[in-house]
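Below: one structure, written as structure tokens.
A short reminder: the numbers here are calculations on the coordinates, not readings from a lab. Small disclaimer: the values here were computed from a predicted structure and weren't measured. Cβ sites come from the backbone with ideal geometry, for glycine too, and all protein chains shown count toward neighbours.
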Amino acid sequence: MIGAKEALARLREGNRRFVSGVRSVEAMVAHMRREQLVAEQRPFAIVLGCSDSRAPAEIVFDQGLGDLFVIRVAGNIVAPSQVGSVEFAAARFGTRLVIVLGHSRCGAVTAALDDVRSRGMHPAGVRAIVDRIRPIAQTVLSVGLTDEEQILRHAVRANVRASVDHLRHGSALLEGMIAKEGLVVVGAEYSLESGEVDFFEGDI
């Protein structure tokens, strides 16, 4: 079992490779491990990230087949199914690091901000996502910031923090694993502009 600290170091190093445009040999030949992974998997990190096509965790962290257990949903929100997915991977595979990965210019966060300003019309499924981010958007807008980019930047990070907090305290199983088994939940933001991942919430 890989501990959270080592797992985070691997992700940091992988992101450095991604930013510099140099892929690791292991990641490039990971497809050759496909047959080895048929019987079991041992992902060293769980990533709850946004569904945005520009922010795929395996590429951003330069990892290969079987390395990451990735859960993707618009706005990297935490609903029961996401909690259950994290619980499943942490308990079944012994994975000890969970990353909540938001990203700059997140469309779901933008939709929630717009919704607060004048409630928009959304299909029921989209409304379920927007409504989870809406309280965070309301809080950020209440601060009185005027620069739109700054508002969105603050809202993206606040949304990541909220998801981190939900995972840490919204599941008795995960809470117990954090207290007794070395599970760590960390929040991060991926920059679409630079390619860098900033681990800003709960770093080890």
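Report the Cα centroid-to-centroid distance between the stretch 77-142 and the stretch 36-64 in angstrom, as an integer.
Cα centroid of the stretch 77-142 versus Cα centroid of the stretch 36-64: 19 Å apart.
Using the charge dipole of the stretch 73-204 (Lys, Arg: +1 at Cβ; Asp, Glu: -1 at Cβ; taken about the Cα centre), state which of SER163, SER85, SER118 has its Cα farthest towards the positive end.
The residue sitting farthest along the positive end of the dipole is SER85.
Report the gain in length on full extension from ASP198 to ARG33: 0.36 nm times residue separation, minus Cα-Cα distance, nm rounded to one decimal.
Difference between extended and current length: 56.4 nm.
Count the net charge of all other residues whose Cβ sits under 15 Å from the Cβ of ARG92, scoring Lys and Arg as +1 and Asp and Glu as -1.
-1
Using θ = phi - 60° and the Karplus form 6.51 cos²θ - 1.76 cosθ + 1.60, what ³J(HN,Hα) does each residue of the stretch 131-145 get, whole Hz, x for Gly and Pro?
Once rounded to whole Hz, the list reads 5, 6, 8, 3, x, 5, 4, 4, 4, 5, 5, 6, 5, x, 5.
Give me the angle, in degrees from 0 to 90, between the Cα long axis of helix 107-117 and the longest principal axis of the Cα atoms of the chain, rounded to the nearest 10.
The angle comes out at about 20 degrees.
Mind checking the dipole of the chain: about its Cα centre, +1 per Lys or Arg Cβ, -1 per Asp or Glu Cβ, Debye to the nearest 20?
Charge dipole, the chain, about its Cα centre: 260 debye, nearest 20.
In whole Hz and in residue order, list the ³J(HN,Hα) couplings for the stretch 37-49 that follow from phi through the Karplus curve 6.51 cos²θ - 1.76 cosθ + 1.60, θ = phi - 60°; x for Gly and Pro.
Taking θ as phi minus 60°, the curve returns 8, 4, 7, 7, 9, 9, x, 8, 8, 9, 10, 9, x Hz for the stretch 37-49.
Can you compute the FRET efficiency between ASP165 and ARG119 using 1/(1 + (r/R0)^6), with r the Cβ-Cβ distance and R0 = 35 Å? Round to the nearest 0.05.
It comes out at approximately 0.85.
Quick one: compute the contact order of the stretch 4-201, relative version, from alpha carbon pairs under 8 angstrom and 6+ residues apart, as a percent.
With pairs under 8 Å counted, the relative contact order is 24 percent.
Could you give me the ³J(HN,Hα) list for the stretch 166-178, computed from phi with Karplus coefficients 6.51, -1.76, 1.60 and θ = phi - 60°, whole Hz, x at Gly and Pro?
4, 5, 6, 10, x, 9, 4, 5, 5, 4, x, 5, 5
Under the rule of at least 5 residues apart or a separate chain, name every residue whose amide H is placed under 5 Å from the amide H of VAL100.
Residues meeting the amide H criterion: LEU48, VAL186, GLY187, ALA188.
Relative to the first principal axis of the alpha-carbon coordinates of the chain, what is the inclination of helix 80-93, with its axis defined by its Cα atoms, in degrees from 0 to 90 and to the nearest 10?
20
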